[in-house]
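One structure is given below, encoded as structure tokens.
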Amino acid sequence: MAKILVVEDEEGIGEVIELNFSLSGHKVTRFTSAEQAKSVYENGTADFDIAILDIMLPGMDGISLCEYIRKKDDSIGIIMLSAKSQEQDKVLSLSVGADDYVQKPFGVRELLARASALLRRIGKHDKPTVSDDVLTSGPFTLDLKSRILHKDNTRIDLTSVEFSIMELFFRNEGVAMVREKILEGVWGENYYGDIKIVDVNIRRLRMKIEDDPSNPQYIVTVWGYGYRWDVQ
């Protein structure tokens, strides 16, 4: 059972989401405004595995709420719901910490499948298998048990998706990887979203791990192909 936060101001859509996730065995907390959800974090009672946030909300919008929640919780999975088709909304959502987005109108089965895949990626779909493995690459260490990245003994906070990308890179050091391979390795082979989600997350990772994100040393672009993890 996962703990799901739903913030959707359209009553009918919110009820459908809550009903279907509840019938799937999840515990759902639903709000109709970002301010209501924010208050749960402010009083210290927030405890969610996934947040499903509508972008167009009265008052504080969903993108601002996403950014706020991500600053409070690196491990939560965040799915954005958008009635808009503009590319800028998708990119902006991902750039502030969202893991996925679903465009309205959507099928409930699709949303359930996206949430299930995200729960697997963040290790909360089933009881995770504990591993004591620590991967080392150059000045970086990736602790698979605590899911923490260190660079020269300095901790770097990552989202669950960013952690999965780093693990994929560590296990394929020096290998040029096409975007489709990264997408499949992190989001799963049944992910139907935009491949640009890879580029957005790579940009976020570079901001966190590179000494000079504009001239990356570790996550190197292979022009016309994809990316390569390089610690030489």
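The values are calculated or read from the model by the stated rules, or taken from the named source; none is laboratory data. These figures come from a predicted structure and were not determined experimentally. Ideal geometry is used to build each Cβ from the backbone, glycine not excepted, and the neighbour counts take in all protein chains shown. Side chains included, ligands, DNA and RNA excluded: accessible areas come from the protein's heavy atoms. Shrake-Rupley method; radii C 1.70, N 1.55, O 1.52, S 1.80 Å.
Within the range 213-223, can you find the residues that are open to solvent by less than 70 Å² (accessible area, probe 1.4 Å) and closer than 26 Å to Thr154 by Cβ? Lay out the reasoning, then the answer.
Within the range 213-223, the first condition is being open to solvent by less than 70 Å² (accessible area, probe 1.4 Å), and the residues that meet it are 213, 216, 218-222.
Residues satisfying the conditions are Pro213, Pro216, Tyr218, Ile219, Val220, Thr221.
Taking the stated definitions as given, is Ile55 within 18 Å of Ala2 (Cβ to Cβ), buried (at least 16 other Cβ atoms within 10 Å of the Cβ) and either touching a residue at least 60 places away in the same chain (Cβ under 8 Å) or in contact with a helix residue (DSSP H, G or I) (Cβ under 8 Å, 6 or more places away or on another chain) (or both)? Break it down stepwise before answering.
Working: within 18 Å of Ala2 (Cβ to Cβ): no; buried (at least 16 other Cβ atoms within 10 Å of the Cβ): yes; either touching a residue at least 60 places away in the same chain (Cβ under 8 Å) or in contact with a helix residue (DSSP H, G or I) (Cβ under 8 Å, 6 or more places away or on another chain) (or both): yes.
No: the conditions fail for Ile55.
Show the residue pairs meeting these rules: Cβ distance below 6 Å; 6+ apart or different chains; first residue within the range 132-156 and farther than 22 Å from Asp73 by Cα and in contact (Cβ under 8 Å) with a residue 24 or more places away in the chain; second residue surrounded by 15 or more Cβ atoms within 10 Å (Cβ to Cβ) and of a type in the set (A, V, I, L, M).
Sorted first by the residue in the range 132-156, then by its partner, the pairs are Leu135/Leu142.
Checking Gln36 against (1) modelled with pLDDT of 90 or more; (2) part of a helix (DSSP H, G or I); (3) closer than 20 Å to Arg204 by Cβ, which test does it fail?
(3)
A quick yes/no check of all residues on (1) buried (at least 19 other Cβ atoms within 10 Å of the Cβ); (2) in contact (Cβ under 8 Å) with a residue 12 or more places away in the chain; (3) at positive phi; (4) in a helix (DSSP H, G or I):
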site: Phe21; (1), (2), (3), (4): yes, yes, no, yes
site: Val28; (1), (2), (3), (4): yes, yes, no, no
site: Tyr41; (1), (2), (3), (4): no, yes, no, yes
site: Gly44; (1), (2), (3), (4): no, no, yes, no
site: Asp47; (1), (2), (3), (4): no, yes, no, no
site: Met60; (1), (2), (3), (4): no, yes, no, no
site: Ile78; (1), (2), (3), (4): yes, yes, no, no
site: Gln88; (1), (2), (3), (4): no, no, no, yes
site: Arg109; (1), (2), (3), (4): no, no, no, yes
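Could you list, in sequence order, all residues of the range 1-19 that are open to solvent by less than 30 Å² (accessible area, probe 1.4 Å) and in contact (Cβ under 8 Å) with a residue 40 or more places away in the chain?
Here is the first cut: in the range 1-19, the ones open to solvent by less than 30 Å² (accessible area, probe 1.4 Å) are 2, 4-8, 14, 17.
Result: Ala2, Ile4, Leu5, Val6, Val7, Glu8, Ile17.
Table: residues versus (1) in a helix (DSSP H, G or I); (2) surrounded by 17 or more Cβ atoms within 10 Å (Cβ to Cβ); (3) touching a strand residue (DSSP E or B) at 6+ places or on another chain (Cβ under 9 Å).
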{"position": "Arg155", "(1), (2), (3)": "no, no, yes"}
{"position": "Leu158", "(1), (2), (3)": "no, yes, yes"}
{"position": "Phe163", "(1), (2), (3)": "yes, yes, yes"}
{"position": "Met166", "(1), (2), (3)": "yes, yes, yes"}
{"position": "Glu180", "(1), (2), (3)": "yes, no, yes"}
{"position": "Tyr192", "(1), (2), (3)": "no, no, no"}
{"position": "Leu205", "(1), (2), (3)": "yes, yes, yes"}
{"position": "Tyr227", "(1), (2), (3)": "no, yes, yes"}
